[in-house]
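**Student:** Below is the structure I would like to discuss, written out as structure tokens.
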Amino acid sequence: MEKHELQSLIEDLHGKYQSLDEGEVATYIPELGKANVDDFGVCLVTSDGRIFETGDCDRPFTIQSMSKPFTFGMAIEELGQEKVLQYVGVEPSGDAFNSIELQSGTNRPYNPMINTGAITVTALLHARHGDRTFDAVLARFSAAAGRPLTIDEAVYQSECRTGHRNRAIAHLLLNFDMVHQEAEAALDVYFKQCSILVTCHDLAIMAATLSNMGRNPLTRHEVFDIRCIRDMLSIMFTCGMYDYSGQWAYRVGVPAKSGVSGGVMAVVNRQLGMAVYSPPLDMHGNSRRGIEVCVELAARLGLHAFDCLNFGSSFLKVVL
Ligand code: GLN
């Protein structure tokens, strides 16, 4: 049988970018510094559950900041948009993911895709679930991936020991009444959520769950209420790639989120979830190979939300 066009395409891109020898593995969480710079996986999952993958798609790594859209979605679903937006904004910060700044006037974090906002969101979940918060987060992430996930205890301990900047953020938020008095307990949940182990394969399924309006396309489980998907994807579109988000929207044009472990996941609304794993990062903290693969996939398949030339031709013809 002839190889599927999408499978050939990702194998080509994997071959082309394997030799791209740029970027640095994150070391500010010491345990992440042990990542293998050559690990490289690319996985696509269509919204109707077809899987195309190549390279290291079964190698586990920690989800890190790619946890942020999912906890935000949980908060929107469980607490409602109005309540969540009292505590966190929807504006790109134009700054690094770990910057210590809040919006003037409201003292809210700029958005939930950076650490200030994500810690606030986790604290909102903690105010609701208390000691069971992490279990609720893990259950939801597992449903999105379609299998029971676990945490990397060594990465969690490493971040607990060295996460002084995040601790400072939690206390700043406490000072401004953006988190409740159990800020430390909420921060502990945040460190744990970042330490959840996924593979590139899992991440692409999680992205495909969002592309399929909240329903996991393989298990058919409704993981997120359809009403919070728009909130999740629009924040990923404007704020998901740190202070590269504007360039990403311009060049790739789909909602996405990256993490310092070297993962990038992207969502083509109602069509496709994509994930790339490759640990070396660029100056913004985005996977170096991940960016290149996604830019080229978007161009070759006409994935950009505002693509007028390709849309409806190459990609839809191949997949739908
Ligand atoms: N756990 C990391 C932190 O909070 C996540 C950062 C990231 O992936 N950008 O610093």
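**Student:** Mind listing whichever residues of segment 67-89 are crowded, with 19+ Cβ neighbours inside 10 Å and charged (D, E, K, R)?
**Tutor:** Across segment 67-89, the qualifying residues are Lys68, Glu77.
**Student:** If you don't mind, there's one more thing I want to ask. Can you pull out every residue in segment 1-28 that is open to solvent by less than 60 Å² (accessible area, probe 1.4 Å) and of a type in the set (Ser, Thr, Tyr)?
**Tutor:** Ser8, Tyr17 - these are the residues of segment 1-28 that are open to solvent by less than 60 Å² (accessible area, probe 1.4 Å) and of a type in the set (Ser, Thr, Tyr).
**Student:** With (1) open to solvent by less than 40 Å² (accessible area, probe 1.4 Å); (2) away from the ligand (no atom under 16 Å from the Cβ); (3) not aliphatic (A, V, I, L, M) as the list, and Gln64 as the residue in question, which single condition is left unmet?
**Tutor:** Here Gln64 clears every test but (2).
**Student:** Show me the strands (runs of 3 or more DSSP E) entirely contained within segment 201-307 in which 1 or more residues are open to solvent by less than 10 Å² (accessible area, probe 1.4 Å) and out of contact with any Leu (no Cβ under 9 Å at 6 or more places or on another chain). Please lay out each step first, then the result.
**Tutor:** Details: elements: 256-258, 263-268, 272-277.
Hits in segment 201-307: 256-258.
**Student:** Does Arg140 satisfy being within 16 Å of the ligand (Cβ to nearest atom) and among the basic types (Lys, Arg)?
**Tutor:** The answer is no for Arg140.
Okay, residues lined up against (1) within 14 Å of the chain's Cα centre (by Cα); (2) within 16 Å of the ligand (Cβ to nearest atom):
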{"residue": "Pro255", "(1), (2)": "yes, no"}
{"residue": "Gly259", "(1), (2)": "yes, yes"}
{"residue": "Val264", "(1), (2)": "yes, yes"}
{"residue": "Val267", "(1), (2)": "yes, no"}
{"residue": "Gln271", "(1), (2)": "no, no"}
{"residue": "Pro280", "(1), (2)": "no, yes"}
{"residue": "Arg288", "(1), (2)": "no, yes"}
{"residue": "Val295", "(1), (2)": "no, no"}
{"residue": "Ala298", "(1), (2)": "no, no"}
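**Student:** Which residues, counting only those in segment 137-158, are of a type outside the set (Ser, Thr, Tyr), within 18 Å of the chain's Cα centre (by Cα) and in a helix (DSSP H, G or I)?
**Tutor:** Hits for segment 137-158 are Val137, Leu138, Ala139, Arg140, Phe141, Ala143, Ala144, Ala145, Val155.
**Student:** Which residues, taken from segment 146-174, are open to solvent by 60 Å² or more (accessible area, probe 1.4 Å) and more than 22 Å from Pro30 (Cα to Cα)?
**Tutor:** Arg147, Pro148, His171
**Student:** Restricting the search to segment 29-45, which residues are more than 16 Å from the ligand (Cβ to nearest atom), open to solvent by 60 Å² or more (accessible area, probe 1.4 Å) and of a type in the set (D, E, K, R)?
**Tutor:** Within segment 29-45, just Asp38 meets the criteria.
**Student:** Still on this structure, I have one more. When you scan segment 163-174, do you find a residue that is out of contact with any Leu (no Cβ under 8 Å at 6 or more places or on another chain), within 16 Å of the ligand (Cβ to nearest atom), closer than 20 Å to Lys257 by Cβ and among the polar types (S, T, N, Q), even just one?
**Tutor:** No.
**Student:** Looking at (1) within 14 Å of Leu281 (Cβ to Cβ); (2) under 19 Å from the mean Cα position of the chain (by Cα), which is the only condition Ile63 fails?
**Tutor:** The number of the failed condition is (1).
**Student:** Now for a separate question. Does Asp95 meet the test of being over 30 Å from His129 (Cα atoms), in a loop (DSSP other than H, G, I, E, B) and away from the ligand (no atom under 16 Å from the Cβ)?
**Tutor:** For Asp95, the condition - over 30 Å from His129 (Cα atoms), in a loop (DSSP other than H, G, I, E, B) and away from the ligand (no atom under 16 Å from the Cβ) - is not met.
**Student:** Check off (1) aliphatic (A, V, I, L, M); (2) surrounded by 23 or more Cβ atoms within 10 Å (Cβ to Cβ); (3) more than 15 Å from the chain's Cα centre (by Cα); (4) within 17 Å of Pro60 (Cα to Cα) for Leu125 and give me the number that stays unchecked.
**Tutor:** Answer for Leu125: the failing condition is (4).
**Student:** Sort out which residues of segment 175-200 are open to solvent by 20 Å² or more (accessible area, probe 1.4 Å) and either in a helix (DSSP H, G or I) or within 15 Å of the ligand (Cβ to nearest atom) (or both), and write them in order of number.
**Tutor:** Asn175, Glu184, Ala185, Asp188, Lys192, Leu197 - these are the residues of segment 175-200 that are open to solvent by 20 Å² or more (accessible area, probe 1.4 Å) and either in a helix (DSSP H, G or I) or within 15 Å of the ligand (Cβ to nearest atom) (or both).
**Student:** Return the only residue of Asp48, Asp135 being acidic (Asp, Glu), touching a Pro at 6+ places or on another chain (Cβ under 7 Å) and more than 16 Å from the ligand (Cβ to nearest atom).
**Tutor:** Values: Asp135 fails: touching a Pro at 6+ places or on another chain (Cβ under 7 Å).
Exactly one residue qualifies, and that residue is Asp48.
**Student:** From Cys239, Cys194, which residue is within 15 Å of Asn115 (Cβ to Cβ), of a type outside the set (Lys, Arg) and touching a Pro at 6+ places or on another chain (Cβ under 7 Å)?
**Tutor:** It is Cys239.
**Student:** Could you go through segment 97-104 and let me know if any residue there is surrounded by fewer than 21 Cβ atoms within 10 Å (Cβ to Cβ), free of Cβ contacts under 8 Å to residues at least 12 places away in the same chain and over 18 Å from the mean Cα position of the chain (by Cα).
**Tutor:** Scanning segment 97-104, I find at least one residue that is surrounded by fewer than 21 Cβ atoms within 10 Å (Cβ to Cβ), free of Cβ contacts under 8 Å to residues at least 12 places away in the same chain and over 18 Å from the mean Cα position of the chain (by Cα), so the answer is yes.
The values are calculated or read from the model by the stated rules, or taken from the named source; none is laboratory data. Note that the structure is predicted; figures quoted are calculated from it, not measured. Cβ: placed from backbone, ideal geometry, glycine included. Neighbour counts: every protein chain shown. The protein model used for the area step is the full one, side chains on, heavy atoms only, and it has no ligands, DNA or RNA in it. Shrake-Rupley method; radii C 1.70, N 1.55, O 1.52, S 1.80 Å.
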